[in-house]
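Contents: one structure, followed by commentary.
Please treat every number below as a calculation from the coordinates, not as lab data. Just so you know, these numbers come straight off a predicted model, no measurement behind them. Counting neighbours? That spans all protein chains shown, and the Cβs are built from the backbone with ideal geometry, glycine included.
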Amino acid sequence: MALDPHKLRLQVFEKTGIRVDVDDPIFALVALNEAVLEETVERHLARLDAASADLAEQLRAGAGLAPAGGAHVPPPASGGVRPIATSHAAFSPRELRLLAAAAAVAVLAALLVLAGQALFSGPGASERAALERAARLDKALPRLDPKVRAALQAELDKP
């Protein structure tokens, strides 16, 4: 499957806002990456095929069937085959202890974060005093002379 430079160019522009020309060297890197990926995939597929064929031969030999080559393999001795365990506990006792410890650590960490937030958030004593003073000034401001109020407002509006 070959890459479409125009489609990739459009995707890059939509995601990043960067305009890329189809002759940009970045497309050479994309093509190189695609070639390396294709070779790696082919190599892994060949390994999987070989492993599958080997497993099929082992299964045929274990069942006493003829291998793919045609020769007959005798079935294994009855005492040499062990059954495969098909069920097990969801968690071992050790895993349960580890999960409980991890949950306890997570809860303690969350409580520590909440305590720190409660301790350090919210206004301190000086901020509370400043807010109270501002509230009193807001109440007193409408009772001032209009000329003084305008001058005070002008001072407050300065940076």
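Descriptive notes on the structure:
- Neighbours of L10, meaning other residues whose beta-carbon lies under 12 angstrom from its beta-carbon, give a summed charge of +2 when Lys and Arg score +1 and Asp and Glu score -1.
- Where labels lie 7 Å past Cα in the beta-carbon direction, separation of S126 and D23 in nm: 6.5
- The stretch between L98 and V12, if pulled fully straight at 0.36 nm per residue, gains 26.5 nm over its current Cα-Cα span.
- Label separation (D138 vs A61): 8.7 nm, computed from points 7 Å beyond Cα along the C-beta direction.
- Dipole of the range 1-72 computed with +1 at Lys/Arg Cβ and -1 at Asp/Glu Cβ about the Cα centre; of I18, N33, H44, farthest Cα towards the positive end is H44.
- Additional length obtainable on full extension of the chain from R43 to L108, 0.36 nm per residue less Cα span: 18.5 nm
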